[in-house]
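Everything below concerns the one structure shown next.
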Amino acid sequence: MRKYILKRILISLFTLLAITLVLFILLQLMPGSPFNDEKLSDDQRVALYAKYGLDKPIVIQFFKYVGSMIRGDFGLSYNISKNTPISQLISQRLPISCRIGFQAVFIGALIGLILGIIAAIKHRTIWDTIATVISVIGVSVPSYVFALALSYQLGFKWRVFPMLFSNQSPYFSSILPSISLCMFTMASIARFTRTEMLEALGSEYMQLAESKGIFGPRLIITHALRNTLIPIITVLAPLIVDLMTGSLVVEKIFSIPGIGSLLVTAIQSNDYNVVISLSFIYSAMYIAIMLAVDIMYGIIDPRIRLSGAVNE
């Protein structure tokens with residue numbers, strides 16, 4: 001198992017390097033430059049290129065950038081906030097997006113599991129129908145529609161929650177955006193939980209457990225739910241990264257200073273360093289989550305651990 005984890009970490013590092021290289025090349029091929037101000041003369045542009053090292057060959061720029069990134073230096077912003085360290089821009093926004101995304105994942109996964117279990121246990125009843133309808137609505141309706149509805153009803157009309165995000169009350173003002181973002185996760189987890197639970201409940205090992213006198217919550221949690229967690233975790237993993245890196249539309253609706261809006265602004269202004277840095281962080285989070293999922297597979301299902309031991 002230890003060799004398998006080490007191998008996965010090395011593969012992840014090479015994957016990150018390859019992603020960074022591809023992003024770097026694609027940004028170099030984009031039309032325009034970070035210095036599109038018409039007031040700048042040609043000599044001034046040449047001076048700016050020399051100042052930021054953009055006049056060097058692409059290979060030198062890439063390896064210089066990667067070397068700085070390893071040391072935690074993501075460079076400076078060209079346009080968004082001139083000469084401001086990108087690590088400073090990200091450190092101000094990333095925790096906000098991650099906190100709201102984590103809340104959305106937790107709420108969505110918890111409610112989705114409960115709905116899926118109820119729908120499977122109460123198969124072909126009114127409870128199954130209600131859970132299915134909720135899941136279909138959650139998948140079909142975009143998160144920004146929920147955001148607008150919640151902002152109007154609970155924020156503007158009933159004044160239960162603040163309509164806009166506030167740094168003075170970050171947790172209370174993040175409830176509405178978290179609920180808006182969690183709907184798709186909740187619906188996806190509910191659908192997969194229902195499908196996998198129905199398959200597990202009709203399996204032979206469940207009949208064997210019942211023949212041994214195991215019933216009730218112990219039967220559902222210990223035997224049925226545990227065997228459905230692997231496909232659920234597989235579905236949940238990419239959703240975690242998507243939510244924790246922010247949703248641009250929801251951030252705009254609630255005026256959340258997250259990294260979603262920062263990424264779009266950087267792309268529009270050709271701020272190469274910011275785009276690469278955010279893309280690198282997004283990729284690193286995705287790879288880290290998938291690595292954690294692989295490790296969790298071995299914890300949840302002992303057969304995977306045994307298989308890994310045999311392969312080693």
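Worth pointing out:
- Subset of segment 15-32 that is part of a loop (DSSP other than H, G, I, E, B) and either in contact (Cβ under 8 Å) with a residue 12 or more places away in the chain or of a type in the set (Val, Ile, Thr) (or both) - its residue that is farthest from residue 286 (Cα to Cα): 32
- One residue stands out in segment 234-246 among those that are crowded, with 20+ Cβ neighbours inside 10 Å and aliphatic (A, V, I, L, M): the one that is modelled with the lowest pLDDT, namely 244.
- Applying the set (1) in a helix (DSSP H, G or I); (2) in contact with a helix residue (DSSP H, G or I) (Cβ under 9 Å, 6 or more places away or on another chain) to residue 256 leaves exactly one unmet item: (1).
- Residue 152 modelled with pLDDT under 90, among the hydroxyl-bearing types (Ser, Thr, Tyr), surrounded by fewer than 17 Cβ atoms within 10 Å (Cβ to Cβ) and part of a helix (DSSP H, G or I): no
- Among (1) closer than 23 Å to residue 82 by Cα; (2) hydroxyl-bearing (Ser, Thr, Tyr); (3) within 13 Å of the chain's Cα centre (by Cα) - the single one residue 269 does not satisfy: (3)
- If only residues of segment 58-73 that are among the hydrophobic types (A, V, I, L, M, F, W, C) and within 13 Å of residue 24 (Cβ to Cβ) are counted, the one that is nearest to the chain's Cα centre (by Cα) is 69.
- The residue pairs whose first member lies in segment 72-97 and is part of a helix (DSSP H, G or I), whose second member is surrounded by fewer than 13 Cβ atoms within 10 Å (Cβ to Cβ) and at pLDDT below 85, and whose beta carbons are closer than 9 Å, counting only pairs six or more residues apart or on different chains, are 87/72.
- Extreme residue, surrounded by the most Cβ atoms within 10 Å (Cβ to Cβ), among residues of segment 108-133 that are part of a helix (DSSP H, G or I) and of a type outside the set (A, V, I, L, M, F, W, C): 112
- Within segment 155-202, restricting attention to residues that are within 28 Å of residue 118 (Cβ to Cβ) and among the polar types (S, T, N, Q), the residue that is surrounded by the most Cβ atoms within 10 Å (Cβ to Cβ) is 193.
- Between 81, 33, the distinction of being farther than 28 Å from residue 289 by Cα and modelled with pLDDT under 80 belongs to 33 only.
- Among the candidates 66, 105, 59, the residue that is assigned to a helix (DSSP H, G or I) and either under 30 Å from residue 186 (Cα atoms) or in contact with a Gly (Cβ under 9 Å, 6 or more places away or on another chain) (or both) is uniquely 105.
So that you can scan it fast, the table gives a plain yes or no per residue for (1) of a type in the set (Asp, Glu); (2) part of a helix (DSSP H, G or I); (3) more than 25 Å from the chain's Cα centre (by Cα); (4) farther than 27 Å from residue 129 by Cα:
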residue: 195; (1), (2), (3), (4): no, yes, no, no
residue: 206; (1), (2), (3), (4): no, yes, yes, no
residue: 209; (1), (2), (3), (4): no, yes, yes, yes
residue: 227; (1), (2), (3), (4): no, yes, no, no
residue: 236; (1), (2), (3), (4): no, yes, no, no
residue: 239; (1), (2), (3), (4): no, yes, no, no
residue: 243; (1), (2), (3), (4): no, yes, no, yes
residue: 260; (1), (2), (3), (4): no, yes, no, yes
residue: 264; (1), (2), (3), (4): no, yes, no, yes
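- Flag for residue 35 being surrounded by 12 or more Cβ atoms within 10 Å (Cβ to Cβ), farther than 28 Å from residue 285 by Cα and touching a residue at least 24 places away in the same chain (Cβ under 8 Å): yes
The values are calculated or read from the model by the stated rules, or taken from the named source; none is laboratory data. Worth saying up front: this structure is predicted, and the values here are computed from it rather than measured. Here Cβ is always computed from backbone atoms with ideal geometry, including for glycine, and neighbour counts include all displayed protein chains.
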